[in-house]
Amino acid sequence: MTESTNTSSKLSHITPAATPEPKRSWGQALKVYAQPTSLRMLALGFSAGLPLLLVLGTLSFWLREAGIDRSTIGFLSWVGLAYAFKWVWSPLVDRLPLPVATRLLGRRRSWLLFSQLLIVAGLLGMSFMDPKQALQPLVICALLVAFGSATQDIALDAYRIESAKVDDQAALAATYQTGYRLAMIWAGAGVLWVASRVQGDAQGYVVQAWHVAYTAMAASMLVGMITVLLSPEPEARPMAPARNASEWIQGALIAPFSDFIGRYRWQALLLLALIGLYRVSDVVMGIMANPFYVDMGYTKEEVAAVTKVFGVIMTLVGGFVGGTMAVRWGVMRVLMLGAVLSAGTNLLFAWLATRGHDVSALVWVVSADNLAGGIASAAFIAYLSGLTNVQYSATQYALFSSMMLLAPKWLAGYSGVFVDAFGYEAFFHTTALMGFPVLLLIYLASKVKMGSGA
């Protein structure tokens, strides 16, 4: 919920945290946002951000309004585990050509367009379903959307990494996050606004409102599809053809992972632990956010205005602030700041749970939380990009971003059970505590000499 200049293999082994970074003026740091590569990532970020809420956040609002219990909603968040296991098929995206499409568009763009078509098909399928009558067909379509979205992430991350200098990755992460968050406004506030307009004065649950809203979301994927068709393909990196199945498995599956382990050795475990836990407090908390708003009596319009518009705007501000600070001061410092803010702002939700229906308090809490999330995301994407060898960009970045979600998404499945047992206030306190061990991991990771394999 992440470009035409190539980076050498040597530079791909170096993260921005690894070597002294040249100081840039604030003007130079900001100028990168106006480059065509950054603007392209804005549109592609929109395409990447659109599906996520539609199978997790906004879907949980729909399900709760339809009368689905919190425990079931929590377990259905495991649909998001598709993102955590995308490394399984990432070697195919990295190396397997698609018939006709790859010849016409290139390796990265063909996979991007294919994945976007899967997302459209899944969203259209969801638009015909009613979870109150039959939940399973809706879940199957949501799984298709999640699979297509995870595949798009694999191809898009590789496209971004292969098309830009290492020094520009933090800024590109910020523009990517901007597009991503704009899509989340549309996939959050937009869905609720469309559903509210269709519902009109009717009270209670009106399934037709959700059907129209999800059809509109499927049509919105045209932004990403048109951008893919108009964008250049990164310069193809030659890959030696495999002479047999064993050699293909070695090159596609084993080499990307052995390269990472070979460069960092035992320290790879530390880096993977940091990657796996960095966003745990946000991810676990986020699953229950929309049910929380429904249970606290907030209307669709209030949630749309505060959490999906005003809050996301603050995320955009955080993304630009985080990206600029990372270019200016280095990724690791901003990574630490983002971790502190992300865990700390969950305590504000615990306070909000004691306020009842208080829109003013909701504005302040959501603003602080989204500002912190934007700063953390920009720094984290840049950090992951710096760990990646461009020779295996799709597979390695998929591994990293999958590790980021695996444990948090699994834990999030039990969030509804926890809330039913202990209440929202205790839940938010617990998710805040989950984030503090990350601070030690960041400190230890900052001591690792990146790329040396030592």
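The values are calculated or read from the model by the stated rules, or taken from the named source; none is laboratory data. All of these numbers come straight from a predicted model, not from anything done at the bench. All Cβ positions, even for glycine, are placed from backbone atoms using ideal geometry, and neighbour counts span all protein chains on display. Side chains included, ligands, DNA and RNA excluded: accessible areas come from the protein's heavy atoms. Shrake-Rupley method; radii C 1.70, N 1.55, O 1.52, S 1.80 Å.
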Report summary line: For THR307, the accessible surface traced by a 1.4 Å probe with all protein chains present amounts, in square angstrom to the nearest 10, to 10
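Can you tell me which of 121-129, 314-322 comes out highest on packing, and rank the rest after it, using the mean Cβ neighbours within 10 Å? Present the calculation step by step, with values, prior to reporting the outcome.
Numbers: 121-129: 19.8, 314-322: 23.7.
With the highest mean Cβ count within 10 Å placed first, the list reads 314-322, 121-129.
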Report summary line: Cα-Cα pairs in segment 88-187 separated by more than 21 Å, as a whole percent of all pairs, come to 46
Report summary line: Whole-percent carbon and sulfur contribution to the accessible surface of segment 78-222 (1.4 Å, no ligands, DNA or RNA) stands at 70
Requested in this report: Can you figure out the FRET efficiency of VAL206 with GLU235, using R₀ = 56 Å and their beta-carbon distance, to the nearest 0.05?
Outcome: 0.65
**Report entry** Hydrodynamic radius of segment 258-400 per Kirkwood, over alpha carbon pairs, in Å
**Finding:** 16.5
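If I take R0 = 22 Å and measure r between the Cβ atoms of MET225 and LEU92 in this structure, what FRET efficiency does the formula 1/(1 + (r/R0)^6) give, to the nearest 0.05?
The value I calculate is 0.60.
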Requested in this report: Report the charge-dipole magnitude of segment 78-195 in Debye, nearest 20, computed about the Cα centre from +1 at each Lys and Arg Cβ and -1 at each Asp and Glu Cβ.
Outcome: 220
Report summary line: Sequence order, segment 320-336: Karplus ³J(HN,Hα) from phi using 6.51 cos²θ - 1.76 cosθ + 1.60, θ = phi - 60°, Hz rounded, Gly and Pro as x, gives 5, 5, x, x, 5, 5, 5, 5, 7, 10, x, 5, 5, 5, 6, 4, 5
Query raised in the report: Order of 77-87, 96-106 by packing, highest average Cβ count within 10 Å first?
Result: 77-87, 96-106
Query raised in the report: Rolling a 1.4 angstrom probe over the protein heavy atoms, how many square angstrom per residue are accessible across segment 303-454?
Result: 35
Query raised in the report: Can you give the Kirkwood hydrodynamic radius for segment 408-448, in Å, rounded to one decimal and based on Cα pairs?
Result: 11.7
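Where does each of 294-303, 217-226 land if you order them by average Cβ count within 10 Å, highest first?
217-226, 294-303
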Query raised in the report: Between TYR443 and LEU347, what is the spin-label point distance in nm, taking each point 7 Å from the Cα along the Cα→C-beta axis?
Result: 1.8
Requested in this report: Just need the relative contact order of segment 113-235 here, percent rounded to a whole number, with Cα pairs under 8 Å and 6+ apart.
Outcome: 36
Query - Using a Förster distance of 25 Å, the FRET efficiency for ALA134-VAL417 (Cβ separation, nearest 0.05) - result: 0.60
